[in-house]
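Okay, structure first, notes after.
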Protein chains: 2
Amino acid sequence: MIKVALIGRGNVSFHLTRVFRATEKIGVTVLNSREEMPIDKRKSIDICIVAVSDNAIKEVSKKLNGSDLIVAHTSGSVSINDLPNGCRRGVFYPLQTFSKEREVDFSNIPICVEAESNKDLELLSELAHCISKNVQQVSSAQRKSLHMAAVFANNFTNHLYEIASEICIENDLPFDLIKPLILETADKIKTLSPFEAQTGPARRRDLSTIKDHEELLKDSYRKEMYQQLTRSIQKTYGQKL
Amino acid sequence: MIKVALIGRGNVSFHLTRVFRATEKIGVTVLNSREEMPIDKRKSIDICIVAVSDNAIKEVSKKLNGSDLIVAHTSGSVSINDLPNGCRRGVFYPLQTFSKEREVDFSNIPICVEAESNKDLELLSELAHCISKNVQQVSSAQRKSLHMAAVFANNFTNHLYEIASEICIENDLPFDLIKPLILETADKIKTLSPFEAQTGPARRRDLSTIKDHEELLKDSYRKEMYQQLTRSIQKTYGQKL
């Protein structure tokens with residue numbers, strides 16, 4: 001059994017607590033980020049997962065300095081070197097979007113692990129394999145770029161859904177009309193690359209429709225976004241701008 | 001049985017042909033856009049679906065002027081008034097992204113119908129109901145905005161996947177790492193509104209991560225897109241810019 005202490009009260013720790021508790025091979029203790037872990041308790045723990053917000057990682061992990069357990073954070077953008085160097089530093093980054101209202105199936109969530117020794121990497125990987133089929137060794141530099149890719153694929157994509165939803169509402173149309181399209185757009189990437197899957201006026205250089213849309217878009221934010229994304233698609237497909 | 005003639009050789013007509021042929025209640029004849037439909041043939045058809053590119057709709061449908069069948073196009077952005085006014089004009093717009101390589105399940109695809117008389121609207125709706133559970137009456141003005149919403153939700157979203165994929169490849173990471181995130185991002189909107197589902201540095205105003213990403217982004221297109229989408233998210237959540 002891998003003995004894990006989990007620190008934090010956010011979305012990631014909420015879901016990690018659930019899945020760790022549901023996994024026989026893992027024993028989990030959940031701690032508040034302000035709690036101090038008693039010395040004798042530390043000795044019975046293999047890995048301490050610091051699942052707190054990026055700017056709290058340093059502060060919280062500092063308290064664990066000098067202990068012999070692995071101290072791993074769960075952030076996409078924080079380097080392993082930001083952990084105190086008097087402990088066995090590690091990263092345990094589940095690449096997914098977490099909301100408390102949504103259950104997630106960890107078995108398909110990529111867990112990106114990083115450590116400073118093979119022994120620690122093995123233990124972190126073993127922990128990751130207990131909950132997921134998809135475990136990857138990813139360096140701090142790679143993880144930073146991966147997190148940025150995730151911002152495009154998730155945060156920005158969701159914001160485009162939000163704009164689509166606003167446009168529907170403004171035109172007395174249910175957002176439900178767009179949902180099958182959103183689901184198919186995502187599902188397509190299982191069998192086609194995004195490059196192959198691209199359709200629409202920008203891809204086929206349908207200037208008349210593009211012009212119509214620009215006229216329809218009264219909000220300057222939306223209009224600039226429309227124009228910029230259109231130009232970027234045209235550039236991707238080697239069209240003259 | 002509803003007797004349908006289908007004109008066109010693109011993605012939409014490819015998939016409509018398949019689903020019409022697989023539906024018992026529909027009899028379908030497929031025509032090339034250059035073919036003239038003989039007068040006696042016209043008499044045996046109820047609806048002619050003109051599934052050609054937007055800029056060919058006028059030209060192709062002109063040939064059907066004067067006939068007593070319903071002439072319906074399948075475009076998101078073309079007005080019903082662009083069809084010749086000597087025929088029973090209609091619209092039969094399936095709101096989905098179509099690629100020849102991907103099979104689609106029409107039963108969940110919203111079909112937006114429009115006509116100039118109740119009788120024609122009923123027949124177009126009946127045809128739509130033969131292949132889909134989701135049939136909506138949508139005016140030309142609404143459809144234009146709906147199509148634009150679809151450009152945000154599909155075309156632009158897919159382009160963000162493309163950028164995420166490029167970032168992965170540039171950092172020796174498999175794009176597969178991002179796919180579960182993309183699927184969950186789309187799946188979330190079944191239970192959460194995009195407004196509720198939003199996460200990430202822009203939403204939580206994590207300026208340090210935003211700055212890091214801006215430094216990582218060397219390509220000016222990507223960087224501007226990142227900044228613009230970030231600003232738009234911040235505006236949506238009432239943050240000072």
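The values are calculated or read from the model by the stated rules, or taken from the named source; none is laboratory data. This structure is a prediction, so every number in the text was calculated from the model and none was measured. Glycine gets a Cβ as well: all are built from the backbone with ideal geometry, and neighbour counts include every protein chain shown. The accessibility values were calculated without ligands, DNA or RNA, using every heavy atom of the protein model including side chains. Shrake-Rupley method; radii C 1.70, N 1.55, O 1.52, S 1.80 Å.
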Can you list the HN-Hα couplings for segment B:80-87, worked out from phi with the Karplus curve (6.51, -1.76, 1.60; θ = phi - 60°), rounded to whole Hz and with x for Gly and Pro?
4, 6, 7, 7, x, 7, x, 9
For a paramagnetic label modelled at 7 Å from the Cα of A:Glu215 toward its Cβ, which residues of segment B:62-83 fall within the zone defined by backbone nitrogen distances under 13 Å?
B:78-79
Jot down the radius of gyration and Dmax of segment B:1-64, Cα atoms only, both in angstrom.
11.3, 32
To make sure I understand the rule: partners must be lysines, Cα under 24 Å from the Cα of B:Lys188, and not fewer than 8 residues away in the same chain. Which ones qualify?
A:Lys100, A:Lys133, A:Lys179, A:Lys188, A:Lys190, B:Lys133, B:Lys179, B:Lys235
So what does the Cα-only Debye profile of segment B:150-241 read at q = 0.12, 0.19 Å⁻¹, as log10 I(q)/I(0), no solvent term?
-0.42, -1.13
Around B:Cys112, which amide H atoms from residues at least 5 apart in sequence, or from another chain, sit under 5 Å from its own amide H, with H modelled in the peptide plane?
B:Tyr93, B:Leu95, B:Gln136
Estimated dipole of segment A:114-230 in Debye, rounded to 20 [Cβ of Lys and Arg +1, of Asp and Glu -1, Cα centre]:
380 debye
For the protein assembly as shown, with +1 on Lys and Arg beta carbons and -1 on Asp and Glu, the positive-most of B:Ala141, A:Tyr93, A:Phe175 along the dipole:
B:Ala141
Which semi-axis lengths, in whole Å and largest first, follow from the square roots of five times the eigenvalues of the Cα gyration tensor of chain B?
43, 18, 17
Hey, what did chain B get for relative contact order, percent, Cα under 8 Å, at least 6 apart?
12 percent
To the nearest 20 debye, segment B:161-241 has a Cα-centred charge dipole, built from +1 on Lys and Arg Cβ and -1 on Asp and Glu Cβ, of 600 debye
Would you calculate the convex hull of the Cα atoms in segment B:50-120 and tell me its volume per residue in Å³?
100 Å³
Find the percent of Cα-Cα distances in the protein assembly as shown that exceed 38 Å, and round it to a whole number.
35 percent
Under the convention of a label 7 Å out along Cα→Cβ, give the distances in nm from B:Tyr237 to the same position in every other copy, shortest first.
3.3
Ignoring ligands, DNA and RNA, what accessible area per residue does segment B:1-49 give at 1.4 Å, in Å²?
55 Å²
Sorted largest first, the C-alpha extents of segment B:194-233 along its principal axes in whole angstrom are 31, 19, 12
Can you give the average number of partner chain beta-carbon atoms within 10 Å of each beta-carbon in peptide B:105-113, as a whole number?
2
Using a label point 7 angstrom from Cα along Cα-to-C-beta, what distances in nm, from shortest up, separate B:Pro84 from the other copies?
8.3
Defining a contact as two alpha carbons under 8 Å apart and six or more residues distant in sequence, what relative contact order in percent does segment B:157-241 show?
19 percent
Given a 1.4 Å probe and the protein chains all in place, what does the accessible area of A:Arg42 round to, in Å² to the nearest 10?
40 Å²
With a Förster distance of 25 angstrom and the Cβ-Cβ distance between A:Glu59 and A:Ile39, calculated FRET efficiency to the nearest 0.05 equals 0.80
Under a point-charge model restricted to the Cβ atoms of Lys and Arg (+1) and Asp and Glu (-1), what is the dipole moment magnitude of chain B relative to its Cα centre, in debye to the nearest 20?
540 debye
Which whole-number percent is the relative contact order of segment A:78-189 (Cα, under 8 Å, 6+ apart)?
20 percent
What stretch of chain A, leaving out the sites themselves, is the longest with no GluC sites (Glu not before Pro) in a DSSP loop having at most 13 other Cβ atoms within 10 Å?
A:104-241
Averaged across A:200-206, how many Cβ atoms of other chains sit within 10 Å of each residue's Cβ atom?
4
Consider the operator that turns chain B into chain A: which B residue has a Cβ nearest its axis, and what is that gap in Å?
B:Ala186, 2
Neighbouring partner chain Cβ atoms per residue of A:47-54, average, 10 Å criterion:
1
For a paramagnetic label modelled at 7 Å from the Cα of A:Glu101 toward its Cβ, which residues of segment B:190-222 fall within the zone defined by backbone nitrogen distances under 14 Å?
B:190-199
